[in-house]
């Protein structure tokens, strides 16, 4: 069975541009969460979606937005990119929207120049 | 403020010996805890979890201990193997926060042959 998949693997953008990252959860999982991991730190929660509804939002500016589609895949959008947005963006899926193990994808490495 | 802390950035252990990784938390609302292992260029891999109603959970070579009064948890790996060399993250969640995980900063474990 396929695990969580993310695309693209790597991305280089310029300050001020916009980026869209994609995630496909494990088959049967209905919850998707997004995390940002800056080098040398642990992942930081950005969003959680369950059954296409936002269930949680971390301490990130409104430049960050996300959505979940009927097939439970998800997109993370970041507008007006800043140098500080350079990070590994991780997507995690879980069966339910409540406390449970989350399974992470390999991440998208975003570099903003 | 860091609600989940891993105070040891790195740990070196001889193959076959016990590895003990520690994690402290400050938020008394946390009631579910997880450990993840991360290799370079991969997403975090779920290892083991524990609910606050337990003080110990065991899965093969991995055991997690939870001391609620001290707000401390630890991961024991016995016996340690070179393939265990990775960065280990502890994470915590609260029942009223859905699937949002708060991560520590990670501990790099090196198991020497």
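The values are calculated or read from the model by the stated rules, or taken from the named source; none is laboratory data. Given the structure is predicted, the values throughout are model-derived calculations rather than measurements. Counting neighbours? That spans all protein chains shown, and the Cβs are built from the backbone with ideal geometry, glycine included.
Structural remarks
- Unique match (being in contact (Cβ under 8 Å) with a residue 24 or more places away in the chain, touching a helix residue (DSSP H, G or I) at 6+ places or on another chain (Cβ under 8 Å) and within 14 Å of another protein chain (Cβ to nearest Cβ)) among B:32, B:88: B:32
- Condition met for residue A:89 (buried (at least 21 other Cβ atoms within 10 Å of the Cβ), more than 26 Å from residue B:40 (Cβ to Cβ) and either away from chain B (no Cβ under 14 Å) or touching a residue at least 24 places away in the same chain (Cβ under 8 Å) (or both)): no
- If you filter the range B:38-71 down to residues that are in contact (Cβ under 8 Å) with a residue 24 or more places away in the chain and within 11 Å of chain A (Cβ to nearest Cβ), you find that the one that is farthest from residue B:16 (Cα to Cα) is B:44.
- Selected residue [within 10 Å of the chain's Cα centre (by Cα) and either modelled with pLDDT of 95 or more or facing another protein chain (nearest Cβ under 9 Å) (or both)] from A:97, A:105, A:58: A:105
- Considering only residues in the range A:16-45 that are at negative phi, without any contact (Cβ under 8 Å) to a residue 40 or more places away in the chain and facing chain B (nearest Cβ under 10 Å), the one that is surrounded by the fewest Cβ atoms within 10 Å (Cβ to Cβ) turns out to be A:41.
- Counted residues, the range B:26-36 - those being surrounded by fewer than 21 Cβ atoms within 10 Å (Cβ to Cβ) and at pLDDT 95 or above: 1
- Residue match in the range B:96-105 (condition: away from chain A (no Cβ under 14 Å) and at pLDDT 95 or above): no
- Whether a residue is surrounded by 18 or more Cβ atoms within 10 Å (Cβ to Cβ), more than 13 Å from the chain's Cα centre (by Cα) and assigned to a loop (DSSP other than H, G, I, E, B) was assessed, and residue B:16 does not pass this test.
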